[in-house]
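J.: Below are the structure tokens for one structure; questions will follow.
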Amino acid sequence: MSLPASFRSTVALGTASFALALAAACGSSTTPDLVDDDGGNVGPGVDGASPETPPLFSDAASDSAAPKPCTGLCLQQVACEAGKSTQIRAKVHDPAGKVPLYNVLVYVPNAALAPVKTGASCERCGAVSGDPLVSALTDATGTFTLSNVPVGKDIPVVVQVGKWRKLVKVPEVKACETLEITTPETFRLPKNTREGDMPQMALATGSADPFECLLTKMGIDLAEMTLPIAPGRVHVYRANGVDTSPPTALANTLWNSLDTLKKYDIVMLPCEGAAIPKPGPDTNIALYTNAGGRLFTTHYGYTWLDQGNRAFASTGTFAPEKASGLTASRDFSIDTSFPKGMAFAEWLENVGASTTRGTLSVSEWRHDLDAEKSPPSQRWVYGPTTAGPSVQHMTFNTPLSATEDRKCGRVVYSDFHVSANAQTTSSIFPASCKTGDLSAQEKALEFMFFDLSSCIQNDKDPPKPPPVIR
């Protein structure tokens, strides 16, 4: 069934107090307050946790761990007759509430949520904060189904991908029924820190690729896109792209300082329109990602991978400026040989970004990468150009020399732009960005952006929710 129009999702992070009093199906009980171990409320944008607080993600708990006693919301789970379950089914959308997202974790917490730690850190997939009682991941349609959900009023549900986190209260869950929630606003990711947690991000505007416009179309609140000295969750620096008013800091103040880089969960370095040499700072980029940082770079961003100190030259066979398609679109193939690639192909079709499963039409494509090197890299988009075989999109986890279970950071390299069509003639952000819905190409990059945001795992393995030990 659908919820009534009067329903509004409630973000509980950061409220003055948050106690959930529920009528237990097997007797009266009160769920634990969603606060930290010191009794303080956990709000969005909290920058640290006490040494005793477990990390947001860690290696998965052992399957042989002893079951925990049934307390709190566990007492409100009920046994249903054969063929029935108490369920919540819905879709998770991007902050704009327009595009459903793949591989988002959804769970009912049964304990306090730890603060989200800001800055480069090792966030591997596994156990999560809040002692999940039941959990699920969204599929290639953006849909999740939570089963064996506790029965009662104001049931808390956490939506999370990496350090994006939102806590929603579902007004009522009835025993042995499936609650279908169809309102996109309910489970969309937060667009600002009033709604939930967001990663701390840095963006250096480049002259040839308006990545900042992708973020605004995705629904990130403009109030969160600020100068580095302001408290916004997206700090805007200027390489050789658009500026802000008042003028923002130059990008070299970002990449010349490892300490500054490590303050950010995600760093975006879009194309600057030329292969501008950066001898030295690429070492900082490698150290940043080795520490758990996430990097998204496009086109001439190969200078961060294969020039200067050539920190990531071993990730692919680079062929700078071999060919380009500035005026013509070209269909490329999606690599469906691994689980996420298969989901990507399905997702593109589901969101209207592909008319034929397994293909993506790309404008402003380039040819700077002949092939990925596997390991450590995974190609996602590939196909022939006028200069021969090419890889249009690849990822790899870092440190490159670490075993898969010890990798902490991630790099995305895209050889195609967001699109120059996303820009106006203004040289000042945000007037420099056109408004409207995401194009097919922008949707593909949005998928990669949230994949970059998520916890680290081997791309050869299918994503799975954290273990529930009960």
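Please treat every number below as a calculation from the coordinates, not as lab data. Being a predicted model, the structure only gives us computed values, none of them experimental. Here the Cβ positions follow ideal geometry from the backbone for every residue, glycine too, while neighbour counts run over all protein chains shown.
J.: Any chance you could give the angle, 0 to 90 degrees and rounded to 10, that helix 339-350 forms with the longest Cα principal axis of the chain?
T.: 90 degrees
J.: Near Lys84, which lysines are there with a Cα under 27 Å away, not counting those fewer than 8 places off in the same chain?
T.: In chain and number order, the partners are Lys68, Lys153, Lys169, Lys174, Lys464.
J.: Roughly how big is region 201-453's charge dipole about its Cα centre, with Cβ charges of +1 (Lys, Arg) and -1 (Asp, Glu), in debye to the nearest 20? Each step should come with its number before you reach the end.
T.: Numbers: 20 positive and 26 negative charges, 69 e Å.
Computed about the Cα centre, the dipole is about 340 debye.
J.: Hey, another quick one. Residue by residue through region 76-90, which ³J(HN,Hα) values in whole Hz follow from phi under the Karplus form 6.51 cos²θ - 1.76 cosθ + 1.60 (θ = phi - 60°), with glycine and proline marked x?
T.: Going residue by residue, I get 9, 7, 10, 7, 10, 5, 3, x, 10, 7, 7, 10, 10, 10, 6 Hz, with x marking Gly and Pro.
J.: If you line up the long axis of helix 440-453 against the longest principal axis of the chain, both from Cα atoms, how many degrees apart are they, to the nearest 10?
T.: Once rounded, one gets 60 degrees.
J.: By count of other Cβ within 10 Å, fewest leading, how are Ile276, Ile285, Ile229 ordered? Don't jump to the answer; show the numbers that get you there.
T.: Working: Ile276 12, Ile285 27, Ile229 9.
Arranged by neighbour count, lowest to highest, Ile276, Ile285, Ile229 become Ile229, Ile276, Ile285.
J.: When the helix-only estimate is applied to the chain (DSSP H runs of n ≥ 4, each -39,500 (n - 2.57), divided by the residue count), what is the mean residue ellipticity at 222 nm, nearest 500 deg cm²/dmol?
T.: Working: 7 runs with 56 residues, N = 470.
My calculation for the chain gives -3000 deg cm²/dmol from helical runs alone.
J.: Taking the Cα centre as origin and putting +1 on Lys and Arg beta-carbons and -1 on Asp and Glu beta-carbons, what dipole magnitude results for the chain, to the nearest 20 debye? Don't skip to the answer; put the middle values down first.
T.: Values: 40 positive and 48 negative charges, 47 e Å.
It works out to roughly 220 debye.
J.: With unit charges on the beta carbons (Lys and Arg positive, Asp and Glu negative) and the dipole taken about the Cα centre of the chain, which residue among Ile285, Tyr300, Tyr413 sits farthest to the positive side?
T.: The Cα lying farthest towards the positive end belongs to Tyr413.
J.: Out of Pro384, Ala444, Pro465, whose Cα points farthest toward the positive end of the dipole of region 322-470 (charges: +1 Lys, Arg; -1 Asp, Glu; placed on Cβ)?
T.: Selected residue: Pro465.
J.: In the chain, what % of DSSP beta bridges are antiparallel (nearest 5)? Walk me through the numbers on the way to the answer.
T.: Values: 58 of 83 bridges.
Among the beta bridges of the chain, antiparallel pairing accounts for roughly 70 percent.
J.: Working out 0.36 nm times the residue gap between Ser245 and Cys176, then minus their Cα-Cα distance, what length gain in nm do you get to one decimal? All intermediate terms of the calculation are to be shown ahead of the outcome.
T.: Working: separation 69, 0.36 × 69 = 24.84 nm, distance 5.53 nm.
So the extension gain works out to 19.3 nm.
J.: Given the chain, what whole percent of its Cα pairs are spread farther than 41 Å?
T.: Working: 18418 of 110215 pairs.
Here the long-distance tail beyond 41 Å is 17 percent of all Cα pairs in the chain.
J.: Which is farthest toward the positive dipole end of region 64-131 among Gly130, Pro67, Asn103, measuring Cα position about the Cα centre, with Cβ charges +1 (Lys, Arg) and -1 (Asp, Glu)?
T.: Result: Asn103, furthest along the dipole toward the positive end.
J.: Taking other Cβ within 10 Å of each residue's Cβ, how do Glu123, Glu364 sort, fewest first?
T.: Values: Glu123 26, Glu364 23.
Ranking Glu123, Glu364 by Cβ neighbours within 10 Å, fewest first, gives Glu364, Glu123.
J.: Would you kindly derive the ³J(HN,Hα) couplings of region 285-295 from the backbone phi angles with the Karplus curve 6.51 cos²θ - 1.76 cosθ + 1.60 (θ = phi - 60°), listing them in order in whole Hz, with x for Gly and Pro?
T.: 4, 5, 5, 4, 5, 4, 7, x, x, 10, 10
J.: Going highest first, how would you order 132-140, 424-432 by mean Cβ packing within 10 Å? Write out the running numbers ahead of the final one.
T.: Numbers: 132-140: 21.6, 424-432: 14.3.
Peptide ranking by packing, descending: 132-140, 424-432.
J.: Additional query: If we count other beta carbons within 10 Å of each Cβ, what is the order of Met342, Met268, Met225, fewest first?
T.: Details: Met342 17, Met268 28, Met225 21.
Fewest-to-most ranking of Met342, Met268, Met225: Met342, Met225, Met268.
J.: So, one more: Please compute one quarter of the surface area of the Cα convex hull for region 201-453 and express it in square nanometres.
T.: 12.4 nm²
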